[in-house]
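Quick notes on the structure that follows.
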Amino acid sequence: MRPPVAYDDSLEKLRSDEEAVKAGLRKSFRKIITATRRDLGHASRGVHAKSHALLEGTLHVRSGLPPELAQGLFARPGSYRITARLSAIPGDPLRDDVSGPRGFALKIHDVPGDLLDDTQGVAVQDFLFANGPAFGAPHAGVFLKMLRLLALTTDRAEGAKALLSRVLRFVQDGLARFARRSAALDALGGFAPTHPLGDRFHSQAPSRYGDYVAKFDIVPESESFRRLTGRRIDIDHDPIAIRRAVGRVLAQEGGSMSLRVQLCRDLATQPIENAQLAWSEETSPFQCVASLDFPPQKSWSEERSQQVDDSLSFSPWHGLVAHRPLGNIMRARRVAYPFSATLRAGLNGCPMRLLPEKNRL
């Protein structure tokens, strides 16, 4: 196996259109957020509007990690409080029978080390994940075109979206027999309605990993979660079927997930700037660096939603210098995410925080 690529500022290559794209993202997010505020009376996130679970737990960094993995937050064993948000990806809170990939936002509290400027001095580390090993666009310019199309359908024709989703899920099941599932059809509503606690989540875009560069993933670790992998939820008769299914497992058992790292070992096949290209796991396998433990708990409530959905901001730019986000998609998020958070905070009249209030969750 090749040695990991050393981190250097020169690994990033800026595109000439980045400032124009960032302006376009702000405009599209404004359109999506104001549309949901107008039609539903409440401003949601520009993406990941609907939460399925809002969890509290503990991250345990493993002991005995080899030097190339003992980096940044993971340089030494330790335990940290975490807040996690499991969500649907669209910017409007659709019923569950519009089946798309899910997101998993992880917030690690009270982290030690030098902080990025965006954290405003709050000692926090956020990592963001979604189903699928790669982002849906190679760079933010392509993503902006996709977002503009989504903005046109925000909070519209939910019944038609559900019907399309049912058709696409049938098509995807047929393609799966030949190992040819389409990521594009997943995003349009053809995602298999599997239990999210059994799903695998990917960071999709790279970050600095101390002296190196890496992507992350999360996989089920406890038997209570692993037995849910591939298990389907009946989403066609309950608009919050996923929230209920997750709630039953968390109330009765809880469970754990593994946080894993994939080090960049070949810039030619594991590029920094093209987020649409998955990194080969043969070239660089994922290796576990920590566990996420979620004790039995009530996984969703209106009170938690007010504290997390309405008042908490997640961003890959909230964190340590040692885990600085890298690449075009991540640079675009540095503008889009705080813009979205500030806009919805103003529309809802609710202050935004980087960490939840102590002892409120």
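The values are calculated or read from the model by the stated rules, or taken from the named source; none is laboratory data. Just so you know, these numbers come straight off a predicted model, no measurement behind them. Note that we place each Cβ from the backbone using ideal geometry, even for glycine, and neighbour counts take in every protein chain shown.
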*asked:* Quick check on F170: is it among the aromatic types (F, W, Y), surrounded by fewer than 17 Cβ atoms within 10 Å (Cβ to Cβ) and within 14 Å of D236 (Cα to Cα)?
replied: yes
_Of residues in the stretch 108-125 being touching a helix residue (DSSP H, G or I) at 6+ places or on another chain (Cβ under 9 Å), of a type outside the set (V, I, T) and farther than 20 Å from F29 by Cβ, the one surrounded by the most Cβ atoms within 10 Å (Cβ to Cβ)_ = Q125
*Only residues that are closer than 26 Å to G24 by Cβ and either outside any helix (DSSP H, G or I) or of a type in the set (S, T, N, Q) (or both): list them for the stretch 141-174, please.*
T153, T154, D155, R156, A157
*Given the conditions (1) over 19 Å from A53 (Cβ atoms); (2) in a helix (DSSP H, G or I), and given that S305 satisfies all but one, which numbered condition is not satisfied?*
(1)
*Could you please give the count of residues in the stretch 6-43 that are within 21 Å of P206 (Cβ to Cβ) and either part of a loop (DSSP other than H, G, I, E, B) or of a type in the set (V, I, T) (or both)?*
9
*asked:* Kindly evaluate R231 against the criterion of being within 17 Å of E56 (Cα to Cα) and surrounded by fewer than 21 Cβ atoms within 10 Å (Cβ to Cβ).
replied: no
_Filtered residue count, the stretch 48-91, keeping only those that are surrounded by 19 or more Cβ atoms within 10 Å (Cβ to Cβ) and charged (D, E, K, R)_ = 2
*For the stretch 26-49, enumerate the residues that are β-branched (V, I, T) and either over 14 Å from A345 (Cα atoms) or touching a Cys at 6+ places or on another chain (Cβ under 7 Å) (or both).*
I32, V47
*Looking at the stretch 257-276, is at least one residue in a loop (DSSP other than H, G, I, E, B) and within 17 Å of the chain's Cα centre (by Cα)?*
yes
*Specify which of the listed residues (A151, A162) is under 25 Å from A336 (Cα atoms), among the small types (G, A, S) and surrounded by 14 or more Cβ atoms within 10 Å (Cβ to Cβ).*
A151
_Can you tell me which residue is farthest from the chain's Cα centre (by Cα) among those in the stretch 38-47 that are surrounded by 17 or more Cβ atoms within 10 Å (Cβ to Cβ) and farther than 30 Å from T269 by Cα?_
A43
_Only one of G46, G57, G64 is within 27 Å of G254 (Cα to Cα), in contact (Cβ under 8 Å) with a residue 40 or more places away in the chain and either among the small types (G, A, S) or part of a helix (DSSP H, G or I) (or both). Can you tell me which?_
G57
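Does S44 satisfy being modelled with pLDDT under 95 and polar (S, T, N, Q)?
Against the criterion (modelled with pLDDT under 95 and polar (S, T, N, Q)), S44 qualifies.
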*Based on what the data block shows, is E12 surrounded by fewer than 23 Cβ atoms within 10 Å (Cβ to Cβ), within 19 Å of H139 (Cα to Cα), touching a residue at least 60 places away in the same chain (Cβ under 8 Å) and not basic (K, R)?*
yes
*Could you please let me know if L128 is buried (at least 23 other Cβ atoms within 10 Å of the Cβ), closer than 23 Å to A290 by Cβ and either modelled with pLDDT under 95 or in contact with a His (Cβ under 6 Å, 6 or more places away or on another chain) (or both)?*
no
